[in-house]
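As structure tokens, the structure follows; a few thoughts come after it.
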Amino acid sequence: MVSDSHDRYLEHGLKMPSRMGVLNSLDKFDAEFFSIHPKQAMTLEPRIRKLLEVSHEAILDAGLNPKSIQGSNTGVFVATCDSESVAISRRSFTNHNAYSILGSTTPMLASRISFFYDLHGPSFVLDTACSSSGVAIHQAIQAIQTGMCDAAIVAGARLYHDAITGYMFHALDMTSADGKCKVFDAAADGYARSEAAVAIYICKKEVAKRAYATLVHVGINNDGYKDEGITFPSTIMQERVIRKVYQDIGLDPRKVEYFEAHGTGTKVGDPEELSAITRVFCEGRNEALPIGSVKSNMGHSEPVASLCSIAKLVLSHIAKTIPANLHYRTPNPNIPALLDGRVQVVDKNQPFDARYVRINSLGFGGTNVHILLEFDNQQEYERPWTPLTPLILSCSGRTEVAVRYFLEKALTHKQDQHFVKLLHELSIEDIPRHPYRAYVVAGPDNSEIFLDKLEQNKSIWFIFSGMGSQWPGMTKDLIKFDAFRISITRSAEYLATVGFDLIKVLESGDKALFEDFKNAM
């Protein structure tokens with residue numbers, strides 16, 4: 001997931017790590033599907049494009065047809081940091097048009113999602129550096145609990161284009177020289193930067209059509225002033241926010257079975273964080289606390305870190321396996337709990353059936369977030385059944401290839417009752433801008449896919465921009481079209497009653513006619 005095979009940085013010659021995690025296909029975007037004008041799409045910030053894509057995936061993955069949330073009181077909470085692509089774009093004076101400002105301003109990261117889906121809940125962007133997506137989750141839960149919105153899309157995006165930003169992080173000794181995130185290891189020397197685009201859909205448990213996990217509680221605070229400086233982590237404040245989460249809900253911290261740490265592999269960050277964790281979770285504990293960090297596997301996505309941690313834990317719960325922390329060889333000697341066995345780094349793939357797991361998210365400006373997740377270990381993602389009659393599975397998509405691919409995959413899960421139910425509910429109504437629709441009759445022995453293309457009745461419209469675009473005799477070529485001639489004749493008959501000869505004005509080649517303001521209108 002981390003390599004030096006990428007073409008992100010335009011500036012060269014800066015002394016900085018070349019290895020990082022990158023997203024594929026940033027140059028690909030279905031502007032028509034998201035109702036974005038081609039000129040706007042050309043200047044649309046890549047983060048906005050990715051956020052529109054992953055939010056759509058999150059909505060469908062929640063078992064919802066996008067039509068069903070139109071006009072709903074759904075909030076949008078987007079986590080991000082500064083835009084490196086905008087920084088580069090603004091250094092160029094040739095790649096701009098009138099749409100540039102609409103495609104590059106930070107509020108549009110959230111507003112575009114609300115606009116496209118017609119969502120009426122709160123919609124804004126948050127930036128607390130590396131804890132941004134944790135704060136976004138906190139704000140979304142607060143908004144749902146207080147009635148500000150009924151559901152929420154929480155998303156985050158981080159993309160790297162500007163080598164200068166990467167150089168500055170390395171100059172601060174925050175990034176690893178070899179591009180490896182050696183979390184909790186004695187050789188820890190910083191993190192590898194990584195791109196990410198993630199979205200999750202949050203709603204109340206009783207209305208969820210499916211659920212990966214329950215967000216039990218989220219705590220947030222800030223370090224405030226520190227003698228060591230603004231970027232130095234505070235063990236005291238991290239411990240305080242963690243303890244408050246468990247005090248608020250009356251849960252014994254020892255019941256938490258796995259800890260997904262912020263763990264970036266920095267020389268100061270890891271020891272300070274592990275000190276706070278040990279104080280809260282290891283007092284009176286009978287066995288070692290398993291701990292890990294997804295940053296060892298994929299690098300540090302900075303503002304999207306909390307969402308990446310959630311993605312890791314959800315996938316681990318489904319697979320019933322927690323992945324190994326990479327690059328862990330020798331325990332960091334500045335972390336006593338690693339040396340005496342109170343904390344154990346997951347350094348190889350292990351069975352995973354934890355009920356309570358927690359996530360730390362720490363911003364380098366001092367904003368700390370602690371998230372408590374609960375998994376239902378009785379939940380089966382595959383619910384087998386044997387249907388008595390052949391099944392009809394249907395779906396829609398942008399292309400014929402897409403619907404065939406989806407149905408072929410769906411056939412492999414036809415004995416999963418919950419999946420079939422969700423698919424039926426998703427397909428009751430057409431998904432906007434899906435021109436292809438198909439179904440398959442899945443029998444016990446064979447199946448055949450039936451496909452249809454939904455052809456829309458298209459009509460020709462003539463759109464006139466108003467003043468400033470007229471020229472003498474401009475209608476001579478248009479009048480041969482019946483629709484235009486009938487409309488103009490109707491207008492001419494009406495205007496004749498007030499003494500205005502529309503046909504004469506439109507057909508005349510006299511330029512002087514348009515000097516009269518009345519004729520130009």
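Answer yes if at least one residue in region 417-426 is over 25 Å from G292 (Cα atoms) and either of a type in the set (D, E, K, R) or in a loop (DSSP other than H, G, I, E, B) (or both), and no otherwise.
Restricting attention to region 417-426, the residues satisfying the condition of being over 25 Å from G292 (Cα atoms) are 417-426.
Subset that is either of a type in the set (D, E, K, R) or in a loop (DSSP other than H, G, I, E, B) (or both): 421, 425.
Yes, some residue in region 417-426 is over 25 Å from G292 (Cα atoms) and either of a type in the set (D, E, K, R) or in a loop (DSSP other than H, G, I, E, B) (or both).
Starting from region 481-509, keep only residues that are among the hydroxyl-bearing types (S, T, Y), then list their pairs with residues that are part of a loop (DSSP other than H, G, I, E, B) whose Cβ atoms are within a distance under 9 Å, requiring at least 6 positions of separation or different chains.
Partner pairs satisfying both residue conditions: S487/F462; S508/P472; S508/G473.
Tell me, please, whether a residue that is open to solvent by 50 Å² or more (accessible area, probe 1.4 Å), among the charged types (D, E, K, R) and at pLDDT 95 or above can be found in region 144-153.
Yes, because at least one residue in region 144-153 is open to solvent by 50 Å² or more (accessible area, probe 1.4 Å), among the charged types (D, E, K, R) and at pLDDT 95 or above.
Only one of (1) open to solvent by less than 30 Å² (accessible area, probe 1.4 Å); (2) more than 23 Å from T231 (Cβ to Cβ) is not met by A276, so which one is it?
In the conditions (1) open to solvent by less than 30 Å² (accessible area, probe 1.4 Å); (2) more than 23 Å from T231 (Cβ to Cβ), A276 misses (2) alone.
I'd like the full set of residues that are assigned to a helix (DSSP H, G or I) and of a type in the set (V, I, T), limited to region 481-504.
Initial filter on region 481-504 (assigned to a helix (DSSP H, G or I)): 482-496, 502-504.
Within region 481-504, I486, I488, T489, I503 qualify.
So, I479, is that one among the β-branched types (V, I, T), under 18 Å from S396 (Cβ atoms) and either at pLDDT 75 or above or out of contact with any helix residue (DSSP H, G or I) (no Cβ under 9 Å at 6 or more places or on another chain) (or both) or not? Show your work before the answer.
Working: among the β-branched types (V, I, T): yes; under 18 Å from S396 (Cβ atoms): no; either at pLDDT 75 or above or out of contact with any helix residue (DSSP H, G or I) (no Cβ under 9 Å at 6 or more places or on another chain) (or both): yes.
No; evaluated as a whole, the condition is false for this residue.
Does K205 satisfy being surrounded by fewer than 18 Cβ atoms within 10 Å (Cβ to Cβ) and more than 30 Å from S25 (Cβ to Cβ)?
Values: surrounded by fewer than 18 Cβ atoms within 10 Å (Cβ to Cβ): yes; more than 30 Å from S25 (Cβ to Cβ): yes.
Yes; evaluated as a whole, the condition is true for this residue.
Which of the residues that make up region 233-280 are closer than 17 Å to G292 by Cα, assigned to a helix (DSSP H, G or I) and among the polar types (S, T, N, Q)?
Correct list: S275, T278.
Residue by residue through region 50-70, note down the ones that are of a type in the set (S, T, N, Q) and surrounded by fewer than 20 Cβ atoms within 10 Å (Cβ to Cβ). Give the steps one after another, and end with the answer.
As a first pass, look at region 50-70 and keep what is of a type in the set (S, T, N, Q): 55, 65, 68, 70.
Once the filter is applied, which keeps residues that are of a type in the set (S, T, N, Q) and surrounded by fewer than 20 Cβ atoms within 10 Å (Cβ to Cβ), region 50-70 yields N65, S68, Q70.
Taking the stated definitions as given, is E206 closer than 18 Å to S68 by Cβ and without any contact (Cβ under 8 Å) to a residue 60 or more places away in the chain?
Numbers: closer than 18 Å to S68 by Cβ: yes; without any contact (Cβ under 8 Å) to a residue 60 or more places away in the chain: yes.
So E206 fits the description; yes.
On the basis of being closer than 22 Å to T175 by Cβ and not small (G, A, S), does L14 make the cut?
Numbers: closer than 22 Å to T175 by Cβ: yes; not small (G, A, S): yes.
For L14, the condition - closer than 22 Å to T175 by Cβ and not small (G, A, S) - is met.
Which residue is surrounded by the most Cβ atoms within 10 Å (Cβ to Cβ), if the candidates are limited to region 1-39 and must be over 18 Å from V54 (Cβ atoms) and hydrophobic (A, V, I, L, M, F, W, C)?
The initial filter retains those residues of region 1-39 that are over 18 Å from V54 (Cβ atoms), namely 2-20, 32, 37-39.
Those still in the list that are hydrophobic (A, V, I, L, M, F, W, C) too: 2, 10, 14, 16, 20.
On the way: V2: 22, L10: 11, L14: 13, M16: 20, M20: 24.
Applying the filter and picking the extreme gives M20.
Would you pick out the residues in region 191-230 that are of a type outside the set (A, V, I, L, M, F, W, C), assigned to a loop (DSSP other than H, G, I, E, B) and under 21 Å from G156 (Cβ atoms)? Before you say what the answer is, go through the steps one by one.
The initial filter retains those residues of region 191-230 that are of a type outside the set (A, V, I, L, M, F, W, C), namely 191, 193-195, 201, 204-206, 209-210, 212, 214, 217, 219, 221-229.
Next, only the ones that are assigned to a loop (DSSP other than H, G, I, E, B) stay: 195, 204, 209-210, 212, 223-229.
If the condition is that a residue be of a type outside the set (A, V, I, L, M, F, W, C), assigned to a loop (DSSP other than H, G, I, E, B) and under 21 Å from G156 (Cβ atoms), then E195, Y212 are the ones that fit.
Do you know which residues across region 320-363 are among the charged types (D, E, K, R), touching a strand residue (DSSP E or B) at 6+ places or on another chain (Cβ under 7 Å) and closer than 14 Å to E257 by Cβ?
Here is the first cut: in region 320-363, the residues among the charged types (D, E, K, R) are 320, 329, 340, 342, 347-348, 353, 355, 358.
Next, only the ones that are touching a strand residue (DSSP E or B) at 6+ places or on another chain (Cβ under 7 Å) stay: 320, 329, 342, 355, 358.
Passing the criteria: K320, R355, R358.
Residue by residue through region 114-133, note down the ones that are closer than 14 Å to D150 by Cα and either buried (at least 22 other Cβ atoms within 10 Å of the Cβ) or without any contact (Cβ under 8 Å) to a residue 12 or more places away in the chain (or both).
L119, S123
Can you report the number of residues in region 115-149 which are in a loop (DSSP other than H, G, I, E, B) and closer than 27 Å to T231 by Cα? Break it down into steps so the answer makes sense when it comes.
Step one: filter region 115-149 for residues in a loop (DSSP other than H, G, I, E, B), giving 118-122, 127, 129, 131, 146-149.
Next cut, closer than 27 Å to T231 by Cα only: 127, 129, 131.
Count: 3.
Please tell me if A171 is modelled with pLDDT of 95 or more and open to solvent by 10 Å² or more (accessible area, probe 1.4 Å). Steps first, answer last, please.
Working: modelled with pLDDT of 95 or more: no; open to solvent by 10 Å² or more (accessible area, probe 1.4 Å): yes.
It is false that A171 is modelled with pLDDT of 95 or more and open to solvent by 10 Å² or more (accessible area, probe 1.4 Å).
If you take the residues of region 403-437 that are β-branched (V, I, T) and surrounded by 13 or more Cβ atoms within 10 Å (Cβ to Cβ), which of them is nearest to the chain's Cα centre (by Cα)?
Going through the qualifying residues, I end up with I431.
Looking at (1) under 30 Å from A208 (Cα atoms); (2) charged (D, E, K, R); (3) surrounded by fewer than 20 Cβ atoms within 10 Å (Cβ to Cβ), which one does R47 not meet, given that it meets all the others?
(3)
Examine region 228-239 for a residue that is small (G, A, S), touching a residue at least 12 places away in the same chain (Cβ under 8 Å), surrounded by fewer than 15 Cβ atoms within 10 Å (Cβ to Cβ) and farther than 16 Å from C130 by Cα, and state whether such a residue exists.
As a first pass, look at region 228-239 and keep what is small (G, A, S): 229, 234.
Filter once more, so that each one left must be touching a residue at least 12 places away in the same chain (Cβ under 8 Å): 234.
Subset that is surrounded by fewer than 15 Cβ atoms within 10 Å (Cβ to Cβ): none.
Within region 228-239 (the criterion being small (G, A, S), touching a residue at least 12 places away in the same chain (Cβ under 8 Å), surrounded by fewer than 15 Cβ atoms within 10 Å (Cβ to Cβ) and farther than 16 Å from C130 by Cα), the answer is no, since none of the residues qualifies.
Residue check: is G75 buried (at least 18 other Cβ atoms within 10 Å of the Cβ) and assigned to a strand (DSSP E or B)? If you could, list the steps in order and put the result at the bottom.
Details: buried (at least 18 other Cβ atoms within 10 Å of the Cβ): yes; assigned to a strand (DSSP E or B): yes.
Criteria met by G75.
The values are calculated or read from the model by the stated rules, or taken from the named source; none is laboratory data. It should be emphasised that the depicted structure is a prediction, and the values quoted were computed from it without experimental measurement. When we count neighbours, we look across all protein chains shown, and the Cβ atoms used for this are built from the backbone with ideal geometry, even at glycine. These accessible areas exclude ligands, DNA and RNA; they are computed on the full protein's heavy atoms, side chains included. Shrake-Rupley method; radii C 1.70, N 1.55, O 1.52, S 1.80 Å.
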